[in-house]
Every structure is written in C-alpha cells, then in structure tokens.
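*Asks:* Mind looking over this structure? Questions follow.
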Amino acid sequence: MNAIKLWFRSVAQVMFQANAWCGVLLLAGIFLGAYSAGTPEVAWGAVVGTTVAILTGCLLGYPRDEATQGLWGFNGILVGCALMTFLGSTPLGWAALVVCAAMTTWVRVGLNRLGEPLGVSSYTFPFVLSTWIFLAAARMFGGIDIVALAHPMLPTSFVHTHLSHDSLPTLIEFCQWTLRGISQVFLIDSWLTGALFVVGLAIARPAAALWAVVGSAGGAAVALLFGAPTEAIAHGMYGFSPVLTAIALGTLAPIHTPLRKAVWALVGIVGTVFVQASMNELLAPVGLPSLTAPFCIATWLFMLPIANNHKPTKKD
Amino acid sequence: MNAIKLWFRSVAQVMFQANAWCGVLLLAGIFLGAYSAGTPEVAWGAVVGTTVAILTGCLLGYPRDEATQGLWGFNGILVGCALMTFLGSTPLGWAALVVCAAMTTWVRVGLNRLGEPLGVSSYTFPFVLSTWIFLAAARMFGGIDIVALAHPMLPTSFVHTHLSHDSLPTLIEFCQWTLRGISQVFLIDSWLTGALFVVGLAIARPAAALWAVVGSAGGAAVALLFGAPTEAIAHGMYGFSPVLTAIALGTLAPIHTPLRKAVWALVGIVGTVFVQASMNELLAPVGLPSLTAPFCIATWLFMLPIANNHKPTKKD
Amino acid sequence: MNAIKLWFRSVAQVMFQANAWCGVLLLAGIFLGAYSAGTPEVAWGAVVGTTVAILTGCLLGYPRDEATQGLWGFNGILVGCALMTFLGSTPLGWAALVVCAAMTTWVRVGLNRLGEPLGVSSYTFPFVLSTWIFLAAARMFGGIDIVALAHPMLPTSFVHTHLSHDSLPTLIEFCQWTLRGISQVFLIDSWLTGALFVVGLAIARPAAALWAVVGSAGGAAVALLFGAPTEAIAHGMYGFSPVLTAIALGTLAPIHTPLRKAVWALVGIVGTVFVQASMNELLAPVGLPSLTAPFCIATWLFMLPIANNHKPTKKD
C-alpha cells in the first residue's frame, strides 16, 4: 500500500506535489495521450522509468523520508517518457532507458549536494543531464534507433514577422494551446491530457493548478508577442517549462508577501520563454531537445537571489 | 545628487571604479563613439540599461551600500550597449533590453552567492549570461530584428600565416588599436572613445588607466604574434577582455608583492587572449559574440587559486 | 634524487599512483609508442609539459606535500602529449604548450577549491579545460599549425547496425583493443604501450592494474554492444576514459563493502561509455577531442553522491 502511494507520489513530484491521487491522474493523462498518439511505449516507458528509479534508491539504501515524498522517482518517469519519445522501442533502447533512469536517482543526490548550501534544488536537472547524455550517445551508437530527434543544423533566423490579427488564435484555440503546454511537461501533445493534469494538480493544491494554467498561457502569450513560430506555440513547446517555473516560483518561492510572490512568478514566466528560445538556438547544431532545462535554468536564476542558506524543506 | 553620483558610479564600475567623474567620462566616450558611428541607439541603450538595472535594485529592496558603490547598474549598461548593437531599435527590441537589463540585477546577486565562499565575484558575467539568452532567443523570435549578429557557421581555420614585417602595424596604428581595444569594453569601435576612457580611469585610479593600456596593447601584441586576423585586432577585438583582466588582476588581486602581482597580471593578459580566441571558435556554430566572457573565465582561472575564503570587499 | 622521484610520480599520478617506478614504466611506454608512430615530439612534449608544470608549482610557492605526491605535474604531462598530438611542432606550438602546461598547475588549485567542500577532486579536468582553450584558440590563430584536429562538422548518425557475429573481434584482437584503450590515456595508440602501462600499474598497486584492464575491456564491450564504430573501438577510443573511471571508483571510492565498490565501478564503466559517446557528438560542431572529459564527468556523477564532506586525502 505504501509502495503504491510512494510510486504515484513520484509521478506527482514532477509537478512538485507529494500527492498520490494527483499522480494517478497524471499517469492516466500520460496513458491517454500516449495511446491516442499511437505511441504506447511512451506510457510504458514512464512506468518502467519510475519503477527503475525507485528500485535504485532502495538498492543504494537512500534515506526513506525522501522516498515517501516521491523524490526518488520523478526524474525516472521523465526519462521514460523522453527516451521512448525520441528513441526506438528496441531491446537496446529499453536497456538505455533502464540505465538512464537508474542514474537519475544518484545524480539527483549528487547535484543536490551542490545546491544545498545555496538553498536550491536540482529540480528536474538530473533527468535533463542524464537524458542529454543518452540521446547524444544514441546518435553515435548504431545499435540504438533514433525515431524523433531533430537533425543537427546551424540555427537559422526565422523570417521577420510582426504579430498581426490574422496570426492570433481564437479563444478556444488558445485554451487548447495552454492545455497542450501543460501536457508537454511529460512530452505528451494533447489538450485532453493537459486538462487531466490540471484536475490532478487541483486535487493536490489548487494554487499549483492555477499557476500551471497561468504559466502555460503566459508562456504562449509571450512567445506569440515576440514572434515565435505559431506551430511550436500551438503544440505547447513554449508552455511546458514556464508551467514548472510558475508552480515553483508561485507556490514554493520563499517570499512572504503574496503579491510580490505572484509578480516574481509572472516575471519568471517571461524569463523562461527567453531561456527556452535561446536553448532551442544553442542546441540546434547538436540536434538535442531542450527538455526541461529552460525551467531549471530560469528557476535557478530567479531562486538563487532569494533562497535561504539552509536546507530547503520542499522538494528537497 | 546622490542618485546622480550613484548612477555614474554604476557606469564606472564596469571598469571596477566607484568614481562618478570616471563614469561621466566613460559615458561621454560612449556617446561620442555611438554618434560618430551613426548608432545613437547604442548610447541611449546604455542610459536606459543602467537606469533600469538600478531601479530594479530599488524595487527588490537590495542593500543600499552596494548601490552607492555603483554595483547595481554596471551589468545593465553593458546590456544596453550590446542589445542595441546587435538587435534592431524597435519596440520589441527595447522591451527585450528592459527585461534583460532588469534581470542582471538579481542574476548578479544569485551568481555572487556562488562565488562568495570562494572569494571571487561574478564580474560582468550577469551581463554575459543574460545577453546570451536574449540574443540567442532573438534569432528564434521573428518579432525581434537582428542587425549585427554573425551568421552561425562551422569554425574554419585561418590560412597559415607567419608574422611578417609587412603585416606589422606602425606605432601610430598600434596605439589606435590599443585605444580601440579599450573602447570595445563598451562595444564601441573608436580610438577617441578609448582615449576618453583612459582619461576617465586616470581620474579614478592611475594604476587602472595604466593596466587598461597594458592589457589592450598586450592583448593585441599576443594576438599578432600567434597570427590572429589583423582586421579583428585592429578593431580591438583582442583587446577588450584583456583590458578588464589586467585591471582586475593588476589592481585588485590579493597579492602583496607588487612585482609578483604585475607578473600575474601580465600572464593573465596572455591567458585571456587564448580564452578569447577559443570562445570565438566555440561560439561560431551558434553565431553569438563572446561579449566579456573571456575576461570572466580567465579572471576566475587566475583569481580562484589566490582568492581568500572571506567576503571580498572590492566589487564584491 | 627527490626531484627525480617527484618527477616520475607526477607521471604516475595520471593513473592515480604516487609511485616513481610506475612513472618510469609509463614514460617508457609513451616513448615507445610515440617513436614507433613516428611522432617523437609527443614523447618530448610529455617531458616538457611535466617539467613546466612542476616548475610552475615551485615558482608559485605551492605546498610541498602535494608536490611530493606528484600532484603538480600530472596535468602537465597530458597537455604535452595532447598539444604535440594535435598541433604542429613549431616554435609557437611549443610556446603554447609551455603556457598551457604551466596554467594547469594553478587551474588545478583553483578548481580543487570548488570540489573540496564536496569531497571530490578536479581529476584531470585542469588538463582538459586548458587544452580545450588552446586547441580551440589554435584554430583561430594562423601562427599555430593544426596537424590532427577533426574538421568541425554537424554530427551525423551512424548507419543502423546491429551487433553481428562477423563484426565481433577475435580474442587476440579484443586483447589488443583493450591494451590500446589503456595506452590512449596518454593519447598513444599502441597495445605494447598499453602492456607496459599495465605492468607499471601492477608495480604500484595490483588492483589498479586490474581495474585498468577491466575498464578498457568493459568500455570496448559496451561500445560494441551498442554499435559504436568498430574502428574507433579498435583504436581504444572507448577505452581510455573508462580506464580512469574504473581505477578511480574501483580503488578510491569511499565505499566499505568490496562487492558494492566493485559493482559501483562496473556501473561507472557503463556510464562513462555513454558520456564518451555523447561528448563525441556534442564536440563535433567545434572539432575538438573529448580528451579525458568523459572520465571527469562520469566520475563526478558517481563520486558526488558517495563522497564525504571532508578534505579527501587521496589525489587531493
């Protein structure tokens, strides 16, 4: 019973919630999105990744209190989603997934030692770092199939376009874009999944659900304003990192005045969109996805100046 | 009155001086250079960038003693110069400048927390990091015009050239190159501006003026010796980072023997030239300028082994 | 007498041994390999690099106890091997080598200050960082000849190949690959050199010799399994970093149960192969070699979670 609770809390911790029911709804959203996209391996990758990461924590004998908060497995589930999105579902692909998901458990412990004296966490960066290593390696390894990585290319500027009335989405479309931005946190491109995620978050912490929506909508709006390609915005590519930044800053930042905290989260959303765009540019020559690195980088830049010098209590 | 002093000290802090008259001369140099090059927006960008960065410090309630030393605004002025040099002077370009300049104020506080226990400062890296993010993002955003960024390309080796008598500059030319290297600290390409900068530094601290000249001349000489493209050297591109390294090491390094300190600064100048050339190579595929990153990296490499384990007092 | 001992211990410290006879055999292996490959400058580069790095430590007055352990010079010897492998043996090439080798001595002191509170060392990263700077700079400098750097290119995926019986090496071949992987630690491509290295390690510490062999063989096996190009594996390119990771984790990791320590080292070997492949991909657009960066990165990722919070005593 406790093991099941712990398992689903690991899913929910991607969104900073130690709540098993939230995890159930997130996983339901992942299965819904993966199966409707015809990529069930993404959902099963999530299951395997979470399980492997948790078992690794058991094998290494890490402190149980982190486990009960779901902190062992949340990087593993993201590894599972990402590797089965970008690599082929072959025996060697799954072997890479297992090693990569296991690695996140101890990489998180190592990276948190860097952030601890500064009062910041490694967030999802153990997932980002491990997944970058395995995706980049996959391109050098003939034995691993690549199914969805971008071709390495020199970054090219988009044609100069100003925001016009024609390029603006309808309200319905904009709501779908916003929900897709939330579903993309787990690399799922489905507004229905995004809606399930919002419900799951609302169960755990209504403020988190609110900030997820504000983060995704704000990210899309800023990207629209500065002329990012509409196609990318519509599929939630400018939403998923701001979602996480918004929940982190809006609900966990150590700022005591609610208004100041909200303003800080809003500025953080704007900053994350620029970090997202810059990482798209910087990673083009090596053909890697940014994953949730823009969230991690932006959140560090906004958390470091305000974090306290003691061990943080939330999301370690 | 104090606000004006604080404002001009922020300008001077780019060159490590908490001296308002020095700041006045530096700003005069920027206006002279920008207007004669037909790019007045660079000078006004400097004014806006400084102002925004200082106001951000006020809004965030940061400690006033740093403000009176001019430490809130020096990254902001560099953001202003850089963004108006590389991006178009459009409403969205100015919006990016405002967000970017504001960001440097808290990014500096955050990054200084990393360096504090090691006795080093973030130097101008808050400017470098924020500006890289916004320039890279600008290439992905159709709404922001790019006017002067290099086209992304794979780095190519320069044709093998040995130093010959013909390629050597005359003494007058070499002096102009040296002064241009100093003016390039603020992205201005004008030997007259460089001369004004030297005068400004001499008012604040004669040793700083001396090291600025030695840094720029030394950088140009080392680059010439190792066969860097003459064109780049002539426009001060191998001078601006060594200028800052030379002032930092030559006047602020915690070395007690003057001779050892001078030798350390001279070796630091040589090291900075290699870091500069390497960053030109590394950034070619993403088409970003090195900004003052070579100064930051070289100065960290030369400061870390000698810095003390307590809070530094100069330029935090 | 002590100076000679110290000198050869510096050579041996690349492989984590403070043993002069081990250093003698390593140097013999380097000379054997370099002269049979017709590149004697690599061997003499090693001699000059070690000497310059040690003299730099003397000039800077660093603590003698580190010197007697051979910790001043081990980055310098690698700089000597690397720069004379990739750059031409010209006066300016040797000048670059001298500056670069000297730099490693204080860069190591600086970087160790970062790792000390976390209980990890900078390993060979001072060599990696300094050499990357000088190799990247060499491409921008017409005065320095490049003889062996890869051409910058966008990374391309290898054709999909599954492991087949035909592509498997014979046992003799696999032993040669393994020994070449060990010789490649010093950028030498010779199984005979690798054999000398194993003997040298066995003199100093039999367990280190064993782990070197296991690391190189394991690296080659994992690379074969995941379909890395056979040519690269045969020349030891997937062996040299796992060799160092295996010695570091297998003999120096602060794990008390021998079996757990051995398993940790084996998993570390697998992880290093993926880091190696990923760095080959990431460095392709700038045409730089990975050097021993994969060893450093993998070892940090495996050491940080288990390292103690006090000053480490081995290989500082």
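The values are calculated or read from the model by the stated rules, or taken from the named source; none is laboratory data. It should be emphasised that the depicted structure is a prediction, and the values quoted were computed from it without experimental measurement. Virtual Cβ from ideal backbone geometry, glycine too; neighbours counted across all protein chains shown.
*Asks:* Looking only at residues that are among the charged types (D, E, K, R) and modelled with pLDDT under 95 in the range B:34-92, which one is nearest to the chain's Cα centre (by Cα)?
*Replies:* Restricting to residues being among the charged types (D, E, K, R) and modelled with pLDDT under 95, the top hit is B:GLU66.
*Asks:* For the range B:29-62, what are the residues that are surrounded by fewer than 16 Cβ atoms within 10 Å (Cβ to Cβ) and touching a helix residue (DSSP H, G or I) at 6+ places or on another chain (Cβ under 9 Å)? Even if it seems obvious, please write down each step before you answer.
*Replies:* Of the residues in the range B:29-62, the ones surrounded by fewer than 16 Cβ atoms within 10 Å (Cβ to Cβ) are B:35-38, B:40, B:58-59, B:61.
Of everything in the range B:29-62, those that are surrounded by fewer than 16 Cβ atoms within 10 Å (Cβ to Cβ) and touching a helix residue (DSSP H, G or I) at 6+ places or on another chain (Cβ under 9 Å) turn out to be B:TYR35, B:SER36, B:PRO40, B:CYS58, B:LEU59.
*Asks:* Here is a list: C:GLY115, C:GLY143, C:GLY119. Which entry is at the interface with chain B (Cβ under 8 Å from one of its Cβ atoms), over 27 Å from C:LEU196 (Cβ atoms) and at pLDDT below 95?
*Replies:* On the way: C:GLY115 fails: at the interface with chain B (Cβ under 8 Å from one of its Cβ atoms); C:GLY119 fails: at the interface with chain B (Cβ under 8 Å from one of its Cβ atoms).
Within the list C:GLY115, C:GLY143, C:GLY119, the selection yields C:GLY143.
*Asks:* Within the range A:233-253, identify whether any single residue is touching a residue at least 12 places away in the same chain (Cβ under 8 Å) and over 19 Å from the mean Cα position of the chain (by Cα), and answer yes or no.
*Replies:* Going residue by residue through the range A:233-253, those that are touching a residue at least 12 places away in the same chain (Cβ under 8 Å) are A:233-253.
Those left that are additionally over 19 Å from the mean Cα position of the chain (by Cα): none.
So far as the range A:233-253 goes, no, none of its residues is touching a residue at least 12 places away in the same chain (Cβ under 8 Å) and over 19 Å from the mean Cα position of the chain (by Cα).
*Asks:* Which is more than 12 Å from the chain's Cα centre (by Cα), more than 9 Å from chain A (Cβ to nearest Cβ) and either small (Gly, Ala, Ser) or over 29 Å from A:GLU116 (Cα atoms) (or both), of C:GLY287, C:GLY271? Steps first, please.
*Replies:* On the way: C:GLY271 fails: more than 9 Å from chain A (Cβ to nearest Cβ).
Just a single option satisfies the conditions, and that option is C:GLY287.
*Asks:* For A:SER216, state whether it is within 14 Å of chain B (Cβ to nearest Cβ) and within 16 Å of A:VAL14 (Cα to Cα). Show your work before the answer.
*Replies:* On the way: within 14 Å of chain B (Cβ to nearest Cβ): no; within 16 Å of A:VAL14 (Cα to Cα): yes.
No, not satisfied.
*Asks:* Any residue that is free of Cβ contacts under 8 Å to residues at least 24 places away in the same chain and within 17 Å of C:ARG9 (Cα to Cα) - is there at least one of those in the range C:76-94?
*Replies:* The initial filter retains those residues of the range C:76-94 that are free of Cβ contacts under 8 Å to residues at least 24 places away in the same chain, namely C:91.
Right, trim to within 17 Å of C:ARG9 (Cα to Cα) and you get none.
Looking for residues that are free of Cβ contacts under 8 Å to residues at least 24 places away in the same chain and within 17 Å of C:ARG9 (Cα to Cα), one finds none in the range C:76-94, hence no.
*Asks:* Also: If the requirement is being modelled with pLDDT of 95 or more and within 13 Å of another protein chain (Cβ to nearest Cβ), which of these qualifies: A:TRP132, A:TRP177?
*Replies:* Numbers: A:TRP177 fails: within 13 Å of another protein chain (Cβ to nearest Cβ).
Unique residue meeting the criteria: A:TRP132.
*Asks:* Every residue in the range B:91-111 that is within 12 Å of B:GLY143 (Cα to Cα) and within 9 Å of another protein chain (Cβ to nearest Cβ), please. Talk me through it step by step, then tell me what you get.
*Replies:* Within the range B:91-111, the first condition is being within 12 Å of B:GLY143 (Cα to Cα), and the residues that meet it are B:91-96.
Result: B:LEU92, B:ALA95, B:ALA96.
*Asks:* Between residues in the range C:139-150 that are in contact (Cβ under 8 Å) with a residue 40 or more places away in the chain and surrounded by fewer than 21 Cβ atoms within 10 Å (Cβ to Cβ) and residues that are hydroxyl-bearing (Ser, Thr, Tyr) and part of a loop (DSSP other than H, G, I, E, B), which pairs lie under 9 Å by C-beta distance while being six or more apart or on different chains?
*Replies:* Short answer, once both residue conditions are applied: C:ASP145/C:SER89; C:ASP145/C:THR90; C:ILE146/B:SER157; C:VAL147/C:SER89; C:LEU149/B:SER157.
*Asks:* Just to be sure before I move on: is A:GLY93 small (Gly, Ala, Ser), surrounded by fewer than 22 Cβ atoms within 10 Å (Cβ to Cβ) and either touching a strand residue (DSSP E or B) at 6+ places or on another chain (Cβ under 7 Å) or closer than 30 Å to A:LEU304 by Cα (or both) in the structure I sent?
*Replies:* Details: small (Gly, Ala, Ser): yes; surrounded by fewer than 22 Cβ atoms within 10 Å (Cβ to Cβ): no; either touching a strand residue (DSSP E or B) at 6+ places or on another chain (Cβ under 7 Å) or closer than 30 Å to A:LEU304 by Cα (or both): yes.
Here the answer is no, as A:GLY93 does not meet what is asked.
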